[in-house]
Amino acid sequence: MGLLSVAGVVAGYSAADEILKGVDLDVEAGEIVAIIGPNGAGKSTLLKTVAGLLRPKAGTIALGGQRIDGRPAREISTLGLAFVPQEANVFARMSVAENLEMGGYVDPRGAKHKIAALLERFPMLAEKRRQAARTLSGGQRQILAMAMALMVEPRILLLDEPSAGLSPVAAEQLFATIRAINREGVAIAMVEQNAHEALAIAHRAFILVDGRNSRSGAGAALAADPEVKRLFLGA
Amino acid sequence: MALLEITGLRRSFYGIAALSGVDLAVESGSITGLIGPNGAGKTTLFNCVSGIVPPQGGRVVFDGADITGWRPDRIARRGLVRTFQIARGFPGLTVMENLLLYGPDQPGERLLPALCRLPAARRREEELRERARAIAARLALDRVLDNPASALSGGQKKLLEIGRALMTEPKLVLLDEPIAGVNPALAEEIGAHLRRLLADGLTFLVIEHHMDMIARLCHPVIVMAEGRTLAQGSFAEIAARGEVQEAYMGRRWAS
Amino acid sequence: MTDYLVAMLTFAALYGLMSLALNLVWGMAGMINLGLVGFFALGGYASALLTHRFGLPIPVGLAAAFLFAGACGVVVALVTARLRGDYLAIVTLGFAEVVRIIASNEIWLTNGTDGISGIPGPLRGEVPPATFNLVYLLIVLAVVAIAFFLLQNLRHSPFGRVLRAIRDDDQVAAVAGKWVIAFKIEAFAISSGMLGLAGALYGHYTSYIAPDAFVPLVTIYIVLALSAGGTGSNLGALCGALLIVFFQEGTRFIAAWAPGLGAVQLAALREIAISATLILILRFRPQGLLPEKLPRLAKR
Amino acid sequence: MTEIAQLVLNGIIAGTILAVPAIGITAIYAVLRFPNFAVSSIATMGAFAGYVANVSFGLPAAAAILVGFLLAGLVGVVSDEIVLKPIRRNGLLAAAIASVALTLALENVVRFFFGNDLRSYDLPIARDWRFLGLRIGPQQVENLAIALIAMAAVFLFLAFTRMGKAMRAVADNPMLADIKGINADTVARIVNFAGMGLAGIGGMLIGLDTSIDPLTGFRAILSIFAAAVLGGLGSVPGAVVGALTIGIAEELSLLILAPPYRSAVGFVAILLVLTLRPRGILGERAY
């Protein structure tokens, strides 16, 4: 039994359309899993469904053996699963410190210590702790968004296209941070357009096509597969 | 004389400079790439050139006319049209109406001809409809013409943006990340469309973060950083320059 | 009974004219106008003053009402054209209140809260009242028919398409080469003019206008009519207006099953019923009874 | 000169009172993103609740105001829950329009029970204080103090309490707030309670100065929205600045305009600000 197991999930934004048509996904404790696939395959929808922002119409989602499908996002966020959306993932008009505080809203115990520890870990955030989050650059904002997610000491972090819109330099730094967080034992499931980098750091990867699982396997093996290369790596 | 010539363009928001003196030229018959880190001012540059945000200093000369500070509609009618990074448009209009809307010189858009259904307006409408059908066929949108634009997939919305731009019979198209969030197969297709349109005599200025696309499609490439143009040249030349690597590209593309 | 029906239909037609006007700005161009009654009042006073005080012919009064209210619409639109919907709601609501304050206080011009009485009507006094009412109904119906015909043309014209595009995203409409502000001002001006015309027709019909007739409740009626009929649809606007008048008359019968209530209380109950109906429609059928349809143009 | 000073003093007092409902409406806007016109009749309801507490039960004005706050807050929460919340799903403009209908319905509820007569609070008769040639009534001073206390409470709440920060978080980014475990429904209820409660206080403070009737709130609505728009809808400090500006401008307008035109001053102010500085004096949603 993995840490997160998703089985046969069907979901969509309205009664009529199904974006996910039966998707399986599993993440073991402590690993990095990349989810890649063409546009419209349902990658972001999958993360939103797992995080509880969308209600699955069928299938099961379990976190550490406990069913979480159909429960609202704010409940799921108390169970050790933290979701970082792709856009608008910080409170733009609140200060960096307040953002961290809101990151740990569900469990205010020891928040001061956790904030202090995170500010020590990310000196850039400490420097700007009183500044409004909207004054941060794109890369800094992603770091803040992840730091907010770490406030709940999650077992697993869901990242939706963390490198979208970042310059290659900023993306590189971001992936290094993701790896560092993972080395501390936090499992990571991330959706990425940037398949090169994602496969390079992922232990395993899932490929979604048109709302269904297409391939899965070790990140390096998939990266070397000629068909995957042709489809997703633009080679 | 370049088709688009920008000199010393400046714009700031709430005291923070987004553009601090941009100089840039787009030659007729090119696909010029515009790259740079986030916050370099690329989209602000598009906004200033297309008239959505008035610049606070500098000059924009397009096709021999000084268009600095013009209204966006006037600029569009002169032959400079842009797309948006996140596909925007008219969800409450059909795909066909989206295309027709961009058609220029429609007398039926004036009040009196509209009220009285003048024949001139109807004739023009028929011409535009013909043109819209041709463009839609070219972009594989002909099967969805009567669907509301809100029902299109992400990739189709990107294609519709390009299709609408073509309806204006433009001289220059500013594309803001035309393949962002698009799968590689469709990105390839969009690239092929642009090349064909280039052959038809169009000129493009393209913001893009995908280096593959920039490398294969764009010449020349302009690098922006911190509200200024940093370098210009072929992709290979740009990629070889130390300050560009430092500012933007990182190690992977330097090798 | 016939007299009653004729009167009801006349009011329904006046509401229909206002509802069509609202559909032009709100339904097509997406600009909310919560100050409808202000423009209605401007037209009412303009025509009443010109015909009653200066003895000008009624058609001149009607034309003046259209032009004056339309011109005021241009001014309001000039200020508000760049604003988002919620600000527009506030400004237009305020505009109507200011019109009412002026009408109540500039006694030299409007006779204040006493209002203006003895406004002439076509053939009034020359034919029996029943005939006058019938003739007037026909006049109003003719005006509504012309307005409906022209607005249908507009709705299906490229002009209407631009308005609907502006409703969706005015910045992209500008990039598409449309002078957005000009379109908004034109739509707002025509709509305001139509409201002014409705006000003038109202004054010549009842022969009396006063600030009391121009309360926000009238705006609510019209918004309710259009919401019920179908925002974006001209036919819906007319059907909605008819429904509202029937509904309004229906609520008069509250008195029958609630004896022992005073006049103030009965009036309060009616207004509560009407407000509640609008709320229910916005809640359960926001697209209205006859929703807007998209044109099918792909086939040649 | 003294006349102008007196008008400015009156304007400051009026503006401070105006700031209370303006903060309420701007806070509701910040969280729920639509102008809730129900504020006008809910302010009236607060004034009438205070009236019943004061006249029928003999409570002093300061205690009666608390009753006004609670009733207005309660009506605000319940009416939002039943009427406006479901309509917000159909669009924010639909909710704004529905709130106009709601305010009309609530105004008529007051009219149904109390009729159209003017009513006055039962207040101890006190003589005005004089200093430097200016006059000020003890009741005015009390009103000023109540308004200032209400404002201070709002600021402390937003800046330092967990719920206050959560409220700003929802105003800032509702989707993210949901992910972070902040219950947007709870926040909406609290902001409605507090915001409409403040409107109720405002209605009563306005009534304490003169008298009340079912249109008390409606007559103030232009000034209230003018204050909120002037400061930038959604910005709490902006609402205070806006309210003071409107209060002083309305009083000074008496130098050149007839008294009935006072409420038109707010309208003109809205037009001026929206033309010159569309985001309001302090910019939209500064807090």
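The values are calculated or read from the model by the stated rules, or taken from the named source; none is laboratory data. None of the values given here were measured: they were computed from a predicted structure. Quick reminder, even Gly has a Cβ in these numbers, built from the backbone with ideal geometry, and neighbours come from all protein chains shown. Side chains included, ligands, DNA and RNA excluded: accessible areas come from the protein's heavy atoms. Shrake-Rupley method; radii C 1.70, N 1.55, O 1.52, S 1.80 Å.
In region B:63-78 there is no residue matching the filter, namely being closer than 29 Å to A:Asp210 by Cα and either aliphatic (A, V, I, L, M) or modelled with pLDDT under 90 (or both). Can you say whether B:Ile75 is open to solvent by 10 Å² or more (accessible area, probe 1.4 Å) and hydrophobic (A, V, I, L, M, F, W, C), as far as the supplied structure shows? Considered against the rule, which asks whether it is open to solvent by 10 Å² or more (accessible area, probe 1.4 Å) and hydrophobic (A, V, I, L, M, F, W, C), B:Ile75 comes out as no. Here A:Gly185 qualifies as part of a loop (DSSP other than H, G, I, E, B) and open to solvent by 10 Å² or more (accessible area, probe 1.4 Å).
Evaluating B:Leu174 against the criteria (1) open to solvent by less than 10 Å² (accessible area, probe 1.4 Å); (2) assigned to a helix (DSSP H, G or I); (3) over 21 Å from B:Glu127 (Cα atoms) leaves one unmet condition, (2).
Counting only helices (runs of 4 or more DSSP H) that sit wholly inside region C:135-216, those with at least 2 residues that are touching a Gly at 6+ places or on another chain (Cβ under 7 Å) are C:158-168, C:180-206. May I ask you to list the residues in region D:189-219 that are farther than 17 Å from D:Gly50 by Cα and open to solvent by 10 Å² or more (accessible area, probe 1.4 Å)? Within region D:189-219, D:Arg189, D:Ile190, D:Phe218, D:Arg219 qualify. Do we have A:Gln193 as in contact (Cβ under 8 Å) with a residue 24 or more places away in the chain, of a type in the set (S, T, N, Q) and buried (at least 21 other Cβ atoms within 10 Å of the Cβ) here? Criteria met by A:Gln193. Residue under question is B:Leu198, and the condition is that it be open to solvent by 40 Å² or more (accessible area, probe 1.4 Å), farther than 20 Å from B:Val22 by Cα, modelled with pLDDT of 90 or more and in contact with a strand residue (DSSP E or B) (Cβ under 9 Å, 6 or more places away or on another chain); does it hold? Answer is yes for this residue. Restricting region C:269-292 to residues that are under 17 Å from C:Thr219 (Cα atoms) and either among the small types (Gly, Ala, Ser) or loosely packed, with under 14 Cβ neighbours inside 10 Å (or both) leaves a set whose member that is farthest from the other protein chains (Cβ to nearest Cβ) is C:Ala273.
Results for (1) facing another protein chain (nearest Cβ under 7 Å); (2) in contact (Cβ under 8 Å) with a residue 40 or more places away in the chain; (3) surrounded by fewer than 20 Cβ atoms within 10 Å (Cβ to Cβ); (4) farther than 15 Å from B:Leu160 by Cβ, shown as yes or no for each residue.
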position	(1), (2), (3), (4)
B:Phe90	yes, yes, no, no
B:Leu93	yes, yes, no, no
B:Asn98	no, yes, no, no
B:Ala114	yes, no, no, yes
B:Pro119	no, no, yes, yes
B:Arg124	no, no, no, yes
B:Glu127	no, no, yes, yes
B:Arg133	no, no, yes, no
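Counting the residues of region A:95-147 that are in a loop (DSSP other than H, G, I, E, B) and of a type in the set (A, V, I, L, M) gives 2.
Within region D:120-144, residues that are within 19 Å of D:Ala5 (Cβ to Cβ) reach partners that are open to solvent by 50 Å² or more (accessible area, probe 1.4 Å) and of a type in the set (Lys, Arg) with beta carbons closer than 7 Å, at six or more positions or on different chains, in the pairs D:Asp128/D:Arg135. For C:Leu150, the requirement of being open to solvent by 20 Å² or more (accessible area, probe 1.4 Å), touching a helix residue (DSSP H, G or I) at 6+ places or on another chain (Cβ under 9 Å) and more than 9 Å from chain B (Cβ to nearest Cβ) is not met. Of the set (1) surrounded by fewer than 20 Cβ atoms within 10 Å (Cβ to Cβ); (2) at pLDDT below 95, all apply to C:Pro57 but (2). Return a yes/no flag: does region C:77-84 have any residue that is within 14 Å of chain D (Cβ to nearest Cβ), modelled with pLDDT of 95 or more and assigned to a helix (DSSP H, G or I). No, region C:77-84 contains no residue that is within 14 Å of chain D (Cβ to nearest Cβ), modelled with pLDDT of 95 or more and assigned to a helix (DSSP H, G or I). For region B:140-167, the set of residues classified as surrounded by fewer than 20 Cβ atoms within 10 Å (Cβ to Cβ) and assigned to a loop (DSSP other than H, G, I, E, B) consists of B:Ala140, B:Asp146, B:Asn147, B:Ser153, listed by residue number.
Annotation note: of B:Ala40, B:Ala18, B:Ala2, the sole residue that is under 25 Å from A:Gly139 (Cα atoms) and assigned to a loop (DSSP other than H, G, I, E, B) is B:Ala40.
Within the option set A:Leu54, A:Leu79, being closer than 26 Å to A:Ala164 by Cβ and of a type in the set (A, V, I, L, M) holds for one residue only, A:Leu54.
Can you say whether D:Ile87 is farther than 30 Å from C:Gly262 by Cβ, more than 22 Å from the chain's Cα centre (by Cα) and in a helix (DSSP H, G or I), as far as the supplied structure shows? Considered against the rule, which asks whether it is farther than 30 Å from C:Gly262 by Cβ, more than 22 Å from the chain's Cα centre (by Cα) and in a helix (DSSP H, G or I), D:Ile87 comes out as yes.
For A:Leu166, are the conditions met, namely being more than 10 Å from every other protein chain (Cβ to nearest Cβ) and open to solvent by less than 40 Å² (accessible area, probe 1.4 Å)? Considered against the rule, which asks whether it is more than 10 Å from every other protein chain (Cβ to nearest Cβ) and open to solvent by less than 40 Å² (accessible area, probe 1.4 Å), A:Leu166 comes out as no. Any residue at all in region B:142-158 that is free of Cβ contacts under 8 Å to residues at least 24 places away in the same chain and among the polar types (S, T, N, Q)? Yes, there is a match, as at least one residue in region B:142-158 is free of Cβ contacts under 8 Å to residues at least 24 places away in the same chain and among the polar types (S, T, N, Q). On the stretch given as region B:177-217, residues that are touching a residue at least 12 places away in the same chain (Cβ under 8 Å) and part of a loop (DSSP other than H, G, I, E, B) total 12.
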